[in-house]
1. Quote the Stokes-Einstein diffusion coefficient, in whole µm² s⁻¹, for the range 25-175, based on the Kirkwood radius over alpha carbon pairs, a temperature of 10 °C and a viscosity of 1.306 mPa s.
2. What value, in deg cm²/dmol to 500, does the helix sum -39500 (n - 2.57) over DSSP H runs of n ≥ 4 give at 222 nm once divided by the residues of the chain?
3. Please state, as a whole number in µm²/s, the translational diffusion coefficient that the Stokes-Einstein equation yields for the range 491-533 at 20 °C and 1.002 mPa s, with Rh defined as the Kirkwood radius across alpha carbon pairs.
4. Considering Cα pairs under 8 angstrom that are at least six residues apart, work out the relative contact order of the range 653-771 and quote it in whole percent.
5. Per 10 Å bin, what is the whole-percent P(r) computed from every C-alpha pair distance within the range 465-595?
6. Compute the FRET efficiency between GLU391 and GLU76 as 1/(1 + (r/R0)^6), taking r as their Cβ-Cβ distance and R0 = 60 Å, and round to the nearest 0.05.
7. Of ILE77, ALA95, ASN60, which is farthest on the positive side of the dipole of the range 5-141, counting Cα position, with +1 on Lys and Arg Cβ, -1 on Asp and Glu Cβ, and the Cα centre as origin?
8. Just subtract the alpha-carbon distance of LEU399 and ARG675 from 0.36 nm times their residue separation and send over the number in nm, one decimal.
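The numbers here are math on the coordinates, done by the rules we state, and not lab data. Fair warning: this is a prediction, and the values are worked out from it, not measured in the lab. FYI the Cβ positions are ideal-geometry reconstructions off the backbone, even for glycines, and counts take in every protein chain you see.
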Amino acid sequence: MKDASPQPVYLADYTPPPFLVDAVHLTFRLHPEKTRVLSRIEFRPTPGVPASRLFLHGENLHLIDAKIDGTAITPEITDEGLTTDAPDAPFTFEAEVEIDPAANTALEGLYLSNGMFCTQCEAEGFRKITYYPDRPDVMGVFTVRIEGDQPVMLSNGNPVARGDGWAEWHDPWPKPAYLFALVAGDLVAQSDRFTTRSGREVDLNIWVRPGDEDKCAFGMAALRKSMTWDEEVYGREYDLDIFNIVAVDDFNMGAMENKGLNIFNSSCVLSTSETATDDNFERIEAIIAHEYFHNWTGNRITCRDWFQLCLKEGLTVFRDAEFTADMRSAPVKRISDVIALRARQFREDAGPLAHPVRPESFIEINNFYTATVYEKGAELIGMLKRLVGDEGYARAVDLYFTRHDGQACTIEDWLAAFEDATGRDLAQFKRWYSEAGTPRLRVTESFNNSTYTLHFEQETPPTPGQPEKHPRVIPIAVGLLGPNGDEVVPTRVLEMTGTRQSFSFDGLAARPVPSILRDFSAPVIVERETTNAERAFLLAHDTDPFNKWEAGRALARETLLAMIRDGAAPDPAYLDAVHTMLRDDTLDPAFRALALGLPGEDELAQTLFGLGETPDPQAIWEAREALDITRADAMQGTLDALYAAHQVTAPYRPDPDQAGARALANAVLGLITRRDGGARALAQYDAADNMTLQLAALGCLLRAGKGADVSDAFYRQWRHDRLVLDKWFGLQILSADPAEAAETAARLTEHPDFTLRNPNRFRAVLGALAAVPAGFHHASGRGYRLMADMLIALDPLNPQTAARMCAAFETWRRYDPARQEMIRTQIDRILAAPGASRDTIEMLGRIRD
Ligand code: PHE
Ligand code: ZN
């Protein structure tokens, strides 16, 4: 067990490393329980930094011997690393350590997944492989020799040589240890070739377990598209002779951008039309792009320290979103991203885990791979781009690449490139990086003598450790519509910098209807008093697709809030507006599917809490159910017609057009099932030749209480496929009656195919439970107890995945005293469990405070 009272690290305490690494030679003698790692590291004192002793990180390592310049040394060893005297001149450090990959259930460092050796080093996993200055500002050139009897043995960079039982790799690009990777096992590749625009021939491989070869084609196509896009849009080329992707079943995260050797959670790369849904395909394309784009934003230019994580993640998420917008529908991508941002990041920002996009302290960095760092981090890049314009952005990014190639950088470096390239002062903008919390933007308006004025007031609520907030610069994209629905003022970006600020528009014949925060131009919550009639008007007429959707969303939300609060009947204005929208065949089916979606239960709970009310999860669930039944009745004919009109007859392709048609048909099927009891869902299930249709039909049947036999058949059909089985586990909980969700989840944790060793499987069950508020927060407390039981079981094995799941409890303050008491009891029970990890202790400590 680790130290019970771990100390935080502070950004303010950063000091440069006393020693730099020029070159590293590693030899791995692979063995499941006794792998030997031999290292030879060329160090040199950092110029300008006072001489000091040499400290190397190292955890769970058995040191066999160590030498400096060929002479044996006896370093001091603690749980955290090794300390020794070192010359004040260049020297060579050598060590041999033994590690036990088979015992590594945390999936950090070198571990085994289905008999395959595999590493995960970000953020601080390399120290579990050998002694090293495991910090991102130490960048070295790695040469790696792997010895073992695995048929395929991979590491970063280019292959140098191989023979019977060994392989050597050399990565010419200096990199921090977190980008190191090694994979060895019985793997087969799907291969392709890509010629970069300067003529470099690159071998592309996707490595998988034998049997999965047929699941790589889409991923390979996505990789090629990503490589082309980064050349065309950012002018960035690939820089090695080979690019390897490996699919691994046991992985804590989605994927990892190790230099030249990306390692993917198999769920984020493998696909066939029979096993993956349209959403899976889109996600795979985005994640392949994301990891590939890291080659420049993350690898060639990396982070000075882990507080700068958003430097690579926010920017790379922004880049992958631009890529998806270019490959598919930009409005649909934007709307989906905002739905996810509100569900995950606004929730985080409004609760006890709120932290700035660039945090100022942490105990366990693994707990900061958050929606705030990633998704809000990406929103900040989007705002910057809007503020400096497309050309300014292109110039600034080019400057950043040329100025900092090969360096480990900070947010200050990033912003300085923008200031230098555009002449703009970004001092106020920087607050977005340092202050947590979602600003509220209150809007009022006035109209007289043909002048229309918008008055804005911004306020950010206090967050943990930050009682006071300062006004931020907020780009507010606004357009105005005339009474007949025509746009009278096209989109203009208002730059708000003060606490209160007004902007006027002259020469208007009549009072316009404003379309505010178009394209969601800033991650804020807009508060403006308006009517459902005006929302319906915007849903019908707004030229900005995001705000068109937003208007429908607001209508649905207001309707639901009234239903939740006083059991009101659904507002006919909403029903009419959504009905009209659905029948508008000029609208993209994917857009219509999104506009038919209702605000989620958790989003509604968050809204109610934000208004000072105590949400009742059961009442929220019932209101959504009631609204769906009403919608199914009110639009019966339209729904039948839409369902028929959006059947795809062409052979399956995971492209946006087909996916949009299926998304609309499936959304409509959900409503149709409310009336027909599952007849059409069963027919769809029986006829389905792809997972998108099969899974949606199964969900409808389960929700209608008619899914038992079909679910058994689904299991029998797919029990050999881990990724499909994850869907099966999750869907049963997501589709259960809330009164039974916790029992269903509990039963599934007893299923022979359930295991704590596989993070995907754990998340399929417990993540699904956390995603059904009326089930998780059921008044019986069963959901809380099960979550705690499973976290206590998982935490000693896999702290990272356990700690991340603790966020299920982050909303506890929203609820009534009885629920709060039950949650606190469970949190305390987890904290008291023997073997509670520092990851989980930090998370629950922050949540409980
Ligand atoms: N850096 C990875 C990404 O976002 C995420 C990751 C973090 C993966 C830590 C593994 C461990 O692309
Ligand atoms: Zn990333």
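1. Calculated translational D: 99 µm²/s.
2. Computed ellipticity for the chain at 222 nm equals -12500 deg cm²/dmol.
3. 167
4. Working: 106 pairs, mean separation 20.5, N = 119.
Relative contact order for the range 653-771 comes out at 17 percent.
5. Reading upward from the zero bin: 11, 37, 32, 17, 3, 0.
6. My answer for the efficiency is 0.60.
7. ALA95
8. Working: separation 276, 0.36 × 276 = 99.36 nm, distance 5.93 nm.
Contour length minus the Cα-Cα distance gives 93.4 nm.
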